[in-house]
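Here the structure comes first, spelled out in structure tokens, and everything after it is commentary.
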Amino acid sequence: MSREASFSDELLRLLEENPLRSPETLAKLLGCEVASVGEEIARLEKEKVILAYKAIVDDEKAQRRTVKAVIEVKLLPERGGGFDRLARRIARYPEVTSCFLMSGGYDLLVFLEGSTLQEVALFVSEKLATLRGVTSTATHFMLRTYKEQGVLVGDAVEPERLPISP
């Protein structure tokens with residue numbers, strides 16, 4: 001791995017941990033000049049390596065009433081394009097928050113949000129399941145979030161220690 005790749009990789013790792021770190025803090029952690037950090041971040045943003053900076057929100061504390069679901073989707077692959085065209089079409093729906101091509105028993109894993117169970121159900125039954133090439137869906141509603149993108153959600157509870165017996 002080149003020195004530039006190592007610098008970029010370490011910078012990306014630090015930004016993924018906490019995108020609110022200042023360039024000064026990042027420069028200290030990386031042992032480089034602040035200007036180098038700013039230039040590298042600008043390059044990574046321009047090349048769309050860094051796509052967005054996003055907050056992870058505890059919906060319960062924020063008193064949000066969103067309904068989140070995970071949908072397993074089976075597709076018919078298209079000749080010459082596989083799953084890409086249909087997967088990109090599904091990913092463009094505003095209700096869809098994430099969309100992944102998967103191995104295993106289904107082809108796409110789709111995360112979506114709505115304001116009610118009915119809204120999510122209507123999306124699945126009227127938009128997603130009716131697309132040409134979608135052969136089946138299985139919807140799972142998220143009941144509670146304990147960890148989101150590597151961050152524990154909710155009040156942290158210390159794990160119980162197992163008693164030590166002599």
Query - Enumeration of residues in the range 117-150 that are among the small types (Gly, Ala, Ser) and at positive phi - result: GLY133, GLY150
Report task. Would you mind stating whether ARG79 is modelled with pLDDT under 95, of a type outside the set (Gly, Ala, Ser), open to solvent by 100 Å² or more (accessible area, probe 1.4 Å) and out of contact with any strand residue (DSSP E or B) (no Cβ under 7 Å at 6 or more places or on another chain)? Result -> yes
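Collect the residues in the range 90-101 that are surrounded by fewer than 12 Cβ atoms within 10 Å (Cβ to Cβ) and either under 25 Å from ARG144 (Cα atoms) or touching a residue at least 12 places away in the same chain (Cβ under 8 Å) (or both), keeping them in residue-number order. Step through it out loud before you land on a result.
Restricting attention to the range 90-101, the residues satisfying the condition of being surrounded by fewer than 12 Cβ atoms within 10 Å (Cβ to Cβ) are 92, 94, 98, 100.
Passing the criteria: PRO94, SER98, PHE100.
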Query raised in the report: Do any residues in the range 64-75 that are within 14 Å of LEU86 (Cβ to Cβ) have Cβ atoms under 6 Å from those of residues that are surrounded by 17 or more Cβ atoms within 10 Å (Cβ to Cβ) and among the charged types (D, E, K, R), where the two are at least six apart or on different chains, and which pairs are they?
Result: LYS74/ASP107; LEU75/ASP107
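Just give me the residues in the range 100-132 being among the small types (Gly, Ala, Ser) and either under 22 Å from the mean Cα position of the chain (by Cα) or modelled with pLDDT under 95 (or both), in sequence order. Please lay out each step first, then the result.
Let us first name the residues in the range 100-132 that are among the small types (Gly, Ala, Ser), namely 103-105, 114-115, 121, 125, 129.
Scanning the range 100-132 gives SER103, GLY104, GLY105, GLY114, SER115, ALA121.
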Report summary line: Given the conditions (1) in contact (Cβ under 8 Å) with a residue 40 or more places away in the chain; (2) farther than 22 Å from LYS127 by Cα; (3) not basic (Lys, Arg), every one holds for ALA42 apart from (1)
Query raised in the report: What number of residues in the range 26-56 are closer than 23 Å to GLY150 by Cβ and open to solvent by 60 Å² or more (accessible area, probe 1.4 Å)?
Result: 11
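Among the residues of the range 102-140 satisfying the criterion of being among the small types (Gly, Ala, Ser) and in contact (Cβ under 8 Å) with a residue 12 or more places away in the chain, which is nearest to LYS68 (Cα to Cα)? Lay out the reasoning, then the answer.
Of the range 102-140, the ones among the small types (Gly, Ala, Ser) are 103-105, 114-115, 121, 125, 129, 133, 136, 138.
Imposing the further condition that a residue be in contact (Cβ under 8 Å) with a residue 12 or more places away in the chain reduces the set to 105, 114-115, 121, 133, 136, 138.
Working: GLY105: 22, GLY114: 7, SER115: 9, ALA121: 11, GLY133: 24, SER136: 19, ALA138: 14 Å.
Step by step, filter the range 102-140, then rank; the result is GLY114.
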Query raised in the report: When residues of the range 110-130 are filtered for being surrounded by 14 or more Cβ atoms within 10 Å (Cβ to Cβ) and part of a loop (DSSP other than H, G, I, E, B), how many remain?
Result: 1
Query raised in the report: So ASP107 fits all but one of (1) more than 30 Å from LEU131 (Cβ to Cβ); (2) surrounded by 13 or more Cβ atoms within 10 Å (Cβ to Cβ); (3) touching a Pro at 6+ places or on another chain (Cβ under 9 Å); what number is the exception?
Result: (1)
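The values are calculated or read from the model by the stated rules, or taken from the named source; none is laboratory data. Nothing here was measured: the structure is a model prediction, and the numbers come from that model. Glycine gets a Cβ as well: all are built from the backbone with ideal geometry, and neighbour counts include every protein chain shown. For the accessible areas, the whole protein counts, side chains as well, though only heavy atoms, and no ligand, DNA or RNA atoms are used. Shrake-Rupley method; radii C 1.70, N 1.55, O 1.52, S 1.80 Å.
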